[in-house]
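Heads up, the thing below is written out as structure tokens.
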Amino acid sequence: MTADYPRDDDGHVDVDALLESLTLAEKAGQCAGIYVGELDESLSVDDVEGLVDSHHLGAVTPFGWAGSPHVDPHDAADVANRLQRHAVEETRAGIPLLVPVDAVHGHAYVDHTTVFPQNLALAATFSPALAERVGQVTAREARATGVTTNYGPTCDVVRDPRWGRTFETFGESPTLVGAMAAAKARGLQGDTLDTDETVAATVKHFPAYGGPFRGEDASPVDVSPSTFHRVFVSPFTEVLNAGVRSVMPCYNSIDGEPAHGSTRYLRELLRGELGFDGVVASDWNGVEMLHADHQTAETSQRAVGDALTAGVDVGSVNGTRHAEAIVELVSAGDIEETLLDEAVRRILALKRDLGLFEDPYVDPDRLDAVLRRDEHTDVAYEAARRGTTLLQNDGVLPLDEGADVLVTGPNADDRTAQVGGWSVLDPSEGATLRESVEAVSEGTVTYEPGVTHDGERDVDAAVEAARDADVAVIALGEGWYLHEFGPSEMARTETGAFPSRHHFELPDPQRALLEAVHDTGTPTVLVLSAGRPLPVPWAAEHLPAVLFTPPGGTEGGQALADVLFGAEPGGSLPVSFARSAAHLPVHHDYVRHPCPIGREEHPPSYDPLYPFGHGLSYATFRLGDLSLSETSVTPGDPVDVTVTVENTGDRPGEQVVQAYLRDEYASRAKPVRELCAFERVELDAGASTEVEMTVDPAAMGVVDSEGERTVEPGAFTLTVGRSATDSESSQVEFSVE
């Protein structure tokens, strides 16, 4: 280390003194980030070193995103060290860099790492404890390559599953999303940031992103103020309470205000009402979009000023333009320098807490001992198995180990589709479903691709193979994509073709393969591997077994094969399956409303193909006695609920016990039910246990247009079951006096 930083009496870097020593240009540079790779322009490591020199840039993403060439972990660590060394030893201020990456489901944009199932699959585990372990492994592997900050966890609540980012989320329930995202943030950050096993977490995309109009990525989220707070903001509160250090705004506008330029959302709500005092980092190009797309800023420079005024501390990738704009705005008196100082102070404090002023470097020799070690891949396997949801089964599963099996479909032997988006395009690690079935089965395994994701290959060959098999496993669904189902070159599909928000069902070639194989009379199992809950009504009616698994990561193929041959599936749906695109939107917590011509003339408001929370086990379970700690409470008091769960089957199994709350009468129209608590249970055959859950007072509250929650006196019904519509659920009432 060559920089001599000012220190306080305890020996820590004195952020205020360091800030005082910086020039205007150096402060502006701390608020600007850049990348290595191909985006708006091609930038090499040499180029970025020059920009760190000329514009004092404070953040660089040299890998860990789709356009970087540095996917080898040793290469990544070397590049991170090189850039840190340049910033510390070759610049006047000597301030180390933030190195943020997209480690959405593991450090997946770097090869030879542990890639976890996508968040939608992780959500199906209903296990915050597992999500925390996933965060820990992600942080450990990312930090080993030089990463300081992760752009995650995702805290978006899905309200339109046509959306191309559905698979990145933890589903449709604010309660589930908040619990899983908060747990993942705790795993990423640990107890302290200044270790070689933790990174700063960035919760995204604040404040509301998951209900885009038309299901179109980054289109407006136009919802009522109370829905805005009740559905979209409430999960962020959980993650902020967990101590997350960074927040990323959403691309879209809400109530006409783009989040990146909104003082209302970023200062008044986030920093004021919610008390966040960490770093706000823009989404990539989110600041420039104020000018180029939202057109709320007449110039790019004005967009930078609007974002800084609103509360954006770091413009993540606009580098020199962002830094230059800040200098010009402050010099012209258009922005107070004290506003800039506030942002830089937060950035420097984060760098201090990450330990970067003490040692910003990593040891590449550690990588082989850190990446993909057994305890890491074990966590990924557990997440993939427990994130696999058995939607229906008439007894064909689990398969007999000696059965002759046909494995077919576009996702049967596609490692890229298996890991899904936000990952390297040609991953080296992990066995595919085909390879895993071949390894597990003691019978003859035949593979025929049959079709591509949106085109035929040789359906006849698959049909002939099905006739000779005891069972056919057809892996259908979606491939690799980001955002609005692209970029087309990476996603290997034409813009607008399947998958897209206009194609919310399996395309004709996949359906033709499914029906043709079924018509042979061979028992057929559908494995639906997709980032969205694609409606499959024909399969639900005709097939003996259907499994749903969003992209399962490097261990997904093995986990899925093991489930087919008898490992417990373990998943419960974090999203509802609609019967068709015409049935959208469909979510379990819709708001009560009248039926003007009578309920008998009104088709059901919630009639999903498979309901939220649904998931079968190879065991059978019975929920028994249900009791409450109190049947009458005062506002602000929690309610403890206890239910007996018994495994009535002949094998061990897992069950997610779910509690739903209904406020019988309130001053505002409320949802018919809301998930308020859940608990995952593992039981041996014939065993039983008492499950205890707590209904938080906030779950009882009425949310007004300002986001205030008020617990009103009245009657509540608590339903405990195995899904949102479980016909065998138990109910109990209590009152708030």
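The values are calculated or read from the model by the stated rules, or taken from the named source; none is laboratory data. Everything numeric in this text was worked out from a predicted model, so none of it was measured. All Cβ positions, glycine included, derive from the backbone under ideal geometry; neighbour counts span all protein chains shown. The area values use the complete protein model at the heavy-atom level, side chains included, leaving out ligands, DNA and RNA. Shrake-Rupley method; radii C 1.70, N 1.55, O 1.52, S 1.80 Å.
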Asserting the computed 222 nm helical MRE of the chain (DSSP H runs at least 4 long, -39500 (n - 2.57) per run, divided by residue count, to nearest 500) equals -8000 deg cm²/dmol
Nearest 5 percent is fine: what portion of the DSSP beta bridges confined to the chain is antiparallel? 60 percent
If N is the residue count of the range 360-496, its Cα Rg over 2.2 N^0.38 Å rounds to 1.26
What list of ³J(HN,Hα) values in whole Hz, one per residue of the range 163-168 in order, does the Karplus curve 6.51 cos²θ - 1.76 cosθ + 1.60 (θ = phi - 60°) give from phi, with Gly and Pro shown as x? 4, x, 10, 4, 5, 7
5 Å binning of all Cα-Cα separations within the range 505-552, expressed as whole percents from 0 upward: 5, 20, 33, 27, 12, 3
Let me understand the range 52-133 better: what is its radius of gyration from the alpha carbons, and its Dmax, in angstrom? 16.1, 50
Quick tally, 1.4 Å probe accessible area for H56, H105, sorted with the most first, runs H56, H105
Determine, from the Cβ-Cβ distance of E708 and V396 and an R0 of 60 Å, the FRET efficiency 1/(1 + (r/R0)^6), rounded to the nearest 0.05. 0.70
Can you tell me the order of 729-735, 574-580 when each peptide is scored by its average per-residue count of other Cβ atoms within 10 angstrom, highest first? 574-580, 729-735
Taking the alpha-carbon centre of each part, the distance from the range 1-56 to the range 531-589 in Å is 46 Å
In whole Å, what is the distance between the alpha-carbon centres of the range 366-395 and the range 205-261? 30 Å
Per the range 265-374, sqrt(5λ) over the Cα gyration tensor eigenvalues, sorted largest first, in Å, gives 31, 17, 15
Positive end of the dipole of the chain, charges at C-beta (+1 Lys, Arg; -1 Asp, Glu), about the Cα centre: which of L290, G278, V405 has its Cα farthest in that direction? L290
Give the carbon-plus-sulfur fraction of the accessible surface of the chain in %, rounded to a whole number; probe 1.4 Å, heavy atoms of protein chains only. 43 percent
Counting each pair of different Cα atoms once, what's the Kirkwood radius of the chain in Å, rounded to one decimal? 26.5 Å
Alpha carbon centre of the range 144-178 versus the range 591-666: separation in Å? 25 Å
For the range 1-150, give the magnitude of the charge dipole about the Cα centre (Cβ charges: +1 Lys/Arg, -1 Asp/Glu; no others), in debye to the nearest 20. 560 debye
With angles folded into 0 to 90 degrees, how steeply does helix 128-144 sit against the dominant principal axis of the chain? Use alpha carbons for both and round to 10. 40 degrees
Area of T631 that stays accessible when all protein chains are in place (1.4 Å probe, Å², to 10): 90 Å²
Identify, among G315, V327, A383, the residue whose Cα sits farthest towards the positive end of the charge dipole of the range 294-450, taking +1 on the Cβ of Lys and Arg and -1 on the Cβ of Asp and Glu, with the dipole about the Cα centre. V327
Relative contact order of the chain, please, whole-number percent, based on alpha carbon pairs below 8 angstrom and at least 6 residues apart. 13 percent
Mind checking the per residue accessible area of the chain for me, 1.4 Å probe, whole number of Å²? 35 Å²
Just how large is the dipole of the chain about the Cα centre, in debye to the nearest 20, putting +1 at every Lys and Arg Cβ and -1 at every Asp and Glu Cβ? 1200 debye
Ranked highest first by the average count of other Cβ atoms within 10 Å around their residues, in what order do 610-619, 66-75 fall? 610-619, 66-75
May I ask for the angle, rounded to the nearest 10°, between helix 174-189 and the longest principal axis of the chain, with both axes built from Cα atoms and the value confined to 0 to 90°? 50 degrees
Ordered by residue, what ³J(HN,Hα) values in Hz, to whole numbers, does the range 147-158 give under the Karplus form 6.51 cos²θ - 1.76 cosθ + 1.60, where θ = phi - 60° and Gly and Pro are x? 6, 10, 9, 10, 7, x, x, 7, 10, 7, 9, 6
Which order do peptides 379-391, 437-449, 649-661 fall in by mean Cβ count within 10 Å, highest first? 379-391, 649-661, 437-449
